[in-house]
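For reference, the structure is listed below as structure tokens.
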Amino acid sequence: MNEIVRLPLPMPGPDGSPAHGPRPAPKLEKPFKVTICVNQTCSMDCKLCYADCGASKRPELTTAQWKTFIDELIAEGFLHVFFEGGEPFHRPDFEELLAYCYRKLFVAVRTHATLIDESRAKRLKALGIGRLYVDLFAAIPEIQDELTCQPGSYDAVVAGIRHARAAGIKVTILGILSAKNAPHLQHYVDLAKELDCDQVGVLRLYPLGRARKNWAELSLTLPEMMAALNGLKVPPGVQLMQSWHPKDGNCCWQTAAVTPQGDSVGCPYMREYVNYGNVTERSLLETWDHPLYRQLRANDVEDSCPDCSTTQGTHGGCRSTAYAFTGRFTAPDPYCTHHNNGEDLRVLPEWLLREGT
Ligand code: SF4
Ligand code: SF4
């Protein structure tokens, strides 16, 4: 997931008109943080896996290649790296890579946590891991196990979270809103409190990887999504993160991501749509200068929701879902209540279904 750095809110117009609407995105010399999708293997087989774990025929970067890339980030003055997968701990050298970043980069990790026992949690704390983002797809054990295709996965994830919290590591639980967990979403938000987690993320379902293949079973219409989200009561001490109206951010201007094979794709949710070059052949900052990457950072969007522009300080919503449903990187985000125009988000465009077969 992407944590959005918020832009300062715009000033009202000279005539006192509301402070919203198109504005130039800030021009960064380099992204705030880099997401490293370090592998494409996992011990689970989730129906909604965007990485389509296990499907790639291309080799992942080796330990030495990732260390060379980390050296490049440090030399360029990057401060923040976010690791995800696949499941990062499924890679035997992952702790070695974390140790390589120690005291040079601020590190957060997205994981399903089932491979985190008491001793690993203590080692992660010693390695300075600031926060774990743990994929837990439902508060009902049977639904979690159905989504991961792995009996016992709910108990295993919860055990990993408890080990992390006992070691003093902050945990955000991440759920993806789908037809399976929408009826129990309040229970899911309450679960964050029960598990001593200070953040809960409710993420949208993206038509990528196996989620695309299972779209008919998992997807919801926008009104169904909003009905699940509206009226949620967030327990005290817990922060809810979501990216629907009025918080539909366009964070393309600040992000970078690299796939397990070394392709620079800007954001993990763009991995099937763009490729700005491979970091084993050129520097990340050379790929940052790719014309399409520059266009996506420029807030070049045909229309946007005034409310979301005001709360997020950015313009037009998520570029990945806009492209998926329209084939245009400049289109408004159809997950926006102002721009959905009756589009049934349960139905994927023909071209996307062809791509996925
Ligand atoms: S746990 Fe995450 S990486 Fe593993 S299969 Fe499920 S979605 Fe993919
Ligand atoms: S595609 Fe762009 S707007 Fe969407 S989550 Fe990624 S960085 Fe943010």
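The values are calculated or read from the model by the stated rules, or taken from the named source; none is laboratory data. Bear in mind that the values here come from a model prediction, so they are computed numbers and not experimental data. Ideal geometry is used to build each Cβ from the backbone, glycine not excepted, and the neighbour counts take in all protein chains shown.
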Cβ pairs under 6 Å, 6+ apart, first in segment 79-97 and under 11 Å from Arg110 (Cα atoms), second in a helix (DSSP H, G or I) and modelled with pLDDT of 95 or more: Pro88/Phe94
Hits in segment 75-107 - residues which are among the acidic types (Asp, Glu) and under 20 Å from the mean Cα position of the chain (by Cα): Glu84, Glu87
Residues of segment 260-296 satisfying the condition of being over 30 Å from Leu191 (Cα atoms), within 14 Å of ligand 2 (Cβ to nearest atom) and touching a Cys at 6+ places or on another chain (Cβ under 7 Å): Gly266, Leu296
First in segment 159-184 and on the phi > 0 side of the Ramachandran plot, second anywhere and assigned to a helix (DSSP H, G or I), Cβ under 6 Å, 6 or more apart: Gly168/Lys125
So Leu7, is it surrounded by 15 or more Cβ atoms within 10 Å (Cβ to Cβ) and modelled with pLDDT of 90 or more: no
Residue count for segment 23-78, restricted to those that are within 11 Å of ligand 1 (Cβ to nearest atom), aliphatic (A, V, I, L, M) and loosely packed, with under 15 Cβ neighbours inside 10 Å: 1
Near pairs, Cβ below 6 angstrom, 6+ apart or cross-chain, from segment 122-139 (surrounded by 23 or more Cβ atoms within 10 Å (Cβ to Cβ)) to any residue that is in a helix (DSSP H, G or I): Leu132/Ala164; Val134/Ile161; Leu136/Val157; Phe137/Gln144; Phe137/Leu147; Ala138/Gln144
Any hit, segment 119-129, residues being hydroxyl-bearing (Ser, Thr, Tyr), in a helix (DSSP H, G or I) and out of contact with any helix residue (DSSP H, G or I) (no Cβ under 6 Å at 6 or more places or on another chain): yes
Scope segment 130-154; condition assigned to a loop (DSSP other than H, G, I, E, B) and either closer than 23 Å to Lys47 by Cβ or in contact with a Cys (Cβ under 7 Å, 6 or more places away or on another chain) (or both); matching residues: Leu136, Phe137, Ala138, Ala139, Ile140, Cys149, Gln150, Pro151, Gly152
Check on Arg294, of a type in the set (D, E, K, R), over 29 Å from Leu220 (Cα atoms) and more than 16 Å from ligand 1 (Cβ to nearest atom): yes
Filter result (near ligand 2 (Cβ under 9 Å from one of its atoms) and out of contact with any helix residue (DSSP H, G or I) (no Cβ under 7 Å at 6 or more places or on another chain)) within segment 248-259: Cys251, Trp253, Gln254, Thr255
